[in-house]
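Accompanying notes for the structure given below.
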Amino acid sequence: MWFAMEQAQNVYELSDRLIKAISGWPPYPSPEDDIEDLINLGADVNRLHGTFLPLHCACMVSDAECIELLLEKGARVNDRDGYGRAAIHYAAERDPLCLELLLAHGADINAGDGNRDTALHWASFKNNIPCVKLLLQHGAIVDVKDFNNDTPLGWAARKGNLGVIKLLLNFVGHITIEITVAMPSEDGLITMEEIKAAQSVLSQSPLKVHRTPLMKQVTPIYPQIDPSVDLYLKLENMQTTGSFKIRGVANQMSNLPKEVMSGNRKLGFGISVTQALTSELKNVVDSLVEKEGHIYFHSFDDLALIAGYGSCALEVLDECSDPDIVLVCCGGGGLVSGIAAGIKLSGKDACRVYAVEPEGSRTMYESFKEGEPVSMSVKSVAAGLSPPFAGTLTYKHCRKFVEEVLLVSDTELIETMRTFYNTGLVVEPSGCAAMTALLYGKVPDVKNKKVVVVVTGGNVTIEEMSQMLH
Ligand SMILES: Cc1ncc(COP(=O)(O)O)c(C=O)c1O
């Protein structure tokens, strides 16, 4: 009896060490155990440890050699982990070599995970073109739907993964997009009608744009903030795809040129890389559009995109009708342009909207100083806030609707990420800028004011976060 218990304890301990040795993730110490030795000593290659299985861990770290060894030692290729996922779901996100190994050992290519998402869903979502190709070659079903009725194409579209979209379309054959064409306003700025039209487009978009939560009266959670401030957090980190961007993209897609939709111009997707100096970028893009008929979706300097972002302001005003201050993270300036326009065009003239940029990528700040949009070299931990130039349209909108540009340091951004994390919110550095300005006293005249902070994105992995917060 004692012997049996001791033996079970031993297998448990060895299996635990096996998982740690394979994954080597934080918070585990670096693996010193030899994987093969552990298996030979009796570690169970099919033991679910916590949430994961050894084979899944090997897929997560893309270790093809380890996958081969585990399979050789009897790991079952289609076993599920605590999330209902099989090893193939992890491999499909990451590595074609690992994926191929699993397929060669009988992995079920069309198995759905706990949410009925297949390997093709995951590869499409993660923009892993080699894995998508491999799965299609091996007969993955393309129009399979998960619990939310999402197909792999839907996932790729949500993330704007054009290369994957093209591959999938070759198999599906067609796509239907509903179109409304926005008319630019006379002064080149978006109008309230366009913002409202965008809001209606988003509410019906197949890309599943959410109305995100507005956390109300949360000042007591943040003791660093003057208690007289009435703080609201607009949680765009909980938006589909983990950031506000889908609002703009969904509206851009619904504003494609008429001839595309009428079928007179072919809609194709693809990836080819053209390198250009920043100073020549615009000319190169213009020439691709003009000579080769490409459609260009600018990632911040675009009226349809800005109107889509305006929908975020309308949602805020629905629940907090008279904010005194709205703080928005700013990169190229698309988001703050849309939100500021939405606030001001709703008649909230007294509300101050501030754009917040990192000190190391202060393009809008410098543009305000220079009186025109500038280009400059940039460096910040907040990659999303670091395009090397301010947009022409965004500059124009910011001059009209934004009070001032505030600056925060990278160290402050990281500390804000920690503060958010400690209060239960996962926010990437770019999504922290607006809150940073408030936490570090950069916003003028906040006493007794109702302040809305837009938390713009949560796309950060545990590994990236632990590296930045160490
Ligand atoms: C999380 C996050 N916040 C804010 C921004 C800034 O948006 P914009 O370039 O429209 O100013 C970005 C841009 O990528 C982002 O990823």
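Go through segment 43-68 and report how many residues are more than 30 Å from the chain's Cα centre (by Cα) and outside any loop (DSSP other than H, G, I, E, B). Looking only at that region, the number is 3.
Out of the residues in segment 355-373 meeting the condition of being free of Cβ contacts under 8 Å to residues at least 40 places away in the same chain and away from the ligand (no atom under 15 Å from the Cβ), tell me which one is surrounded by the fewest Cβ atoms within 10 Å (Cβ to Cβ).
Taking segment 355-373 as the starting set, the residues that turn out to be free of Cβ contacts under 8 Å to residues at least 40 places away in the same chain are 361, 363, 366-373.
If we keep only those that are away from the ligand (no atom under 15 Å from the Cβ) too, we end up with 369-372.
Details: K369: 11, E370: 11, G371: 9, E372: 12.
By that ranking, first place goes to G371.
Being surrounded by fewer than 19 Cβ atoms within 10 Å (Cβ to Cβ), among the hydroxyl-bearing types (S, T, Y) and free of Cβ contacts under 8 Å to residues at least 12 places away in the same chain is the requirement here; does S228 meet it? Spelling it out, it is not the case that S228 is surrounded by fewer than 19 Cβ atoms within 10 Å (Cβ to Cβ), among the hydroxyl-bearing types (S, T, Y) and free of Cβ contacts under 8 Å to residues at least 12 places away in the same chain.
Candidates in segment 25-46 are the residues that are under 24 Å from S466 (Cα atoms) and surrounded by 15 or more Cβ atoms within 10 Å (Cβ to Cβ); of these, the one that is modelled with the lowest pLDDT is P31.
Filtering segment 311-342 to residues that are within 12 Å of the ligand (Cβ to nearest atom) and assigned to a helix (DSSP H, G or I) leaves C312, G334, L335, V336, S337, G338, I339, A340.
Would you pick out the residues in segment 287-310 that are part of a helix (DSSP H, G or I) and surrounded by 12 or more Cβ atoms within 10 Å (Cβ to Cβ)? Don't jump to the end; show me each part of the working.
Going residue by residue through segment 287-310, those that are part of a helix (DSSP H, G or I) are 287-292, 303-310.
Answer for segment 287-310, where residues must be part of a helix (DSSP H, G or I) and surrounded by 12 or more Cβ atoms within 10 Å (Cβ to Cβ): S287, L288, V289, L303, A304, L305, I306, A307, G308, Y309, G310.
In the condition set (1) assigned to a loop (DSSP other than H, G, I, E, B); (2) modelled with pLDDT of 95 or more, Y83 is compliant with all but (2).
Among residues belonging to segment 230-253 that are more than 11 Å from the ligand (Cβ to nearest atom) and touching a Lys or Arg at 6+ places or on another chain (Cβ under 8 Å), point out the one that is farthest from P206 (Cα to Cα). Result: D230.
Does I19 fit the bill of being at negative phi and modelled with pLDDT of 95 or more?
no
The single residue among H56, H49 that is in the same structural domain as D146 (by TED's automatic domain parsing) and either of a type in the set (K, R) or modelled with pLDDT of 90 or more (or both) turns out to be H56.
The values are calculated or read from the model by the stated rules, or taken from the named source; none is laboratory data. Only a predicted model underlies this, so the values are computations on that prediction, with no experimental measurement involved. Glycine gets a Cβ as well: all are built from the backbone with ideal geometry, and neighbour counts include every protein chain shown.
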